[in-house]
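The values are calculated or read from the model by the stated rules, or taken from the named source; none is laboratory data. As the structure is a prediction and not an experimental result, all values here were calculated from the model. Glycine gets a Cβ as well: all are built from the backbone with ideal geometry, and neighbour counts include every protein chain shown. SASA here: full protein model, heavy atoms, side chains in, ligands and nucleic acids out. Shrake-Rupley method; radii C 1.70, N 1.55, O 1.52, S 1.80 Å.
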Amino acid sequence: MEQRWPARLWIVRHGQSAGNVARDAADAAGLARIDIADRDMDVALSELGHEQARALGRWFARLPADERPCTVMSSPYLRAVQTSQAIRDVGGLVTPTRKFCIDERLREKEFGVLDRLTRHGIEMQFPEQAEFRRLLGKFYHRPPGGESWCDVILRLRSLIDTLSLHHGGDRVLIVAHQVVVLCLRYLLEGLSEEQILAIDREADIANCGVTEYRFDARGGPDGELILARYNFTAPLEEEAAPVTAQPDANVAAR
């Protein structure tokens, strides 16, 4: 029987971005709004973020060729694309000339009217949304013009179909965002709302943290992807690259 799932699947959060740094500064100063001039999709990696991405790429490069990623699927957001490029440029892929698949289904969760606001800013400018979020929980709360976690999951369901239809036996690297990593876990492992939010509460996903799945043919008629690592940061530590786990700039709306 033809293998339905990738042999290996890595899901990586982008390196530290300028938005992460700006968010920390806004929180420290007690500001309502995060000072970022660019659109969220145009926010670049910080210098440390570039260093983290190169460190992760060198870790992949040290793997045997038959264990490195063959295919890269990246969020179209600049910080994710730059992370993917850095991994490629230091030899982290089997075929460095292979074209990336830029997939908008992997984009960051959309925050709508809450974009660029800190938690303090949301409570001050949109107190009714802060209350709705408290009542509904962030899994179901959809800010005006934005997305809930359920909305992100809905678009990722078709991405899972793409993996199973077109990447059976492949080794696939996905580079995306914190909420996307968590929502993919929800789908791949059949988790409940309570289970995935409990995982989220444990810790933020580190910049360039690795979540890895391996195919197990014994898992039912089609086999299944089994979680091998989550939020794995040893590749950065081995390269002495600082590990950061700041939420993205729109943390208050997550």
Q: Add +1 for every Lys or Arg and -1 for every Asp or Glu among the other residues with Cβ under 15 Å from the Cβ of Asp66, and state the total.
A: +3
**Q.** Relative contact order [Cα under 8 Å, 6+ residues apart], the stretch 1-118, whole percent
**A.** 29 percent
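Work through the residues other than Arg105 whose Cβ is under 14 Å from its Cβ and net out their charges, Lys, Arg +1 and Asp, Glu -1.
-3
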Q: Rank Ser84, Ser148, Ser164 by mean-square fluctuation in a GNM of the chain with C-alpha springs under 10 angstrom and give only the top-ranked residue.
A: Ser164
(Q) What is the sum of charges, Lys and Arg at +1 and Asp and Glu at -1, for the other residues whose Cβ falls under 11 Å from the Cβ of Leu225? (A) -1
Q: Would you mind computing Rg(Cα) / (2.2 N^0.38 Å) for the stretch 26-181, counting N as its residues?
A: 1.21
Q: Give the accessible surface of the chain per residue, rounded to a whole number of Å², with probe radius 1.4 Å and ligands, DNA and RNA excluded.
A: 44 Å²
Q: Round to the nearest 0.05 the FRET efficiency obtained for Glu47 and Asn231 when R0 = 22 Å and r is the Cβ-Cβ distance.
A: 0.45
Q | Nearest-ten-degree value, helix 78-89 long axis tilted from longest Cα axis of the chain | A | 30 degrees
(Q) So for the chain, averaging the separation of alpha carbon pairs under 8 Å that are six or more residues apart and normalising by length, what relative contact order in percent results? (A) 32 percent
Q: Please tell me the relative contact order of the stretch 103-172 in percent, rounded to the nearest whole number, where contacts are Cα pairs under 8 Å and at least six residues apart.
A: 35 percent
Q: Using the Cα centre as the reference, give the magnitude of the dipole from point charges on the C-beta atoms of the chain (Lys, Arg: +1; Asp, Glu: -1; all else neutral), rounded to the nearest 20 debye.
A: 360 debye
Q) What angle, in degrees between 0 and 90 and rounded to the nearest 10, separates the Cα long axis of helix 193-202 from the longest principal axis of the Cα atoms of the chain? A) 80 degrees
Q. Are there trypsin sites (Lys or Arg not before Pro) in the stretch 29-94 that DSSP puts in a loop and that have at most 12 other Cβ atoms within 10 Å, and which ones?
A. Arg39
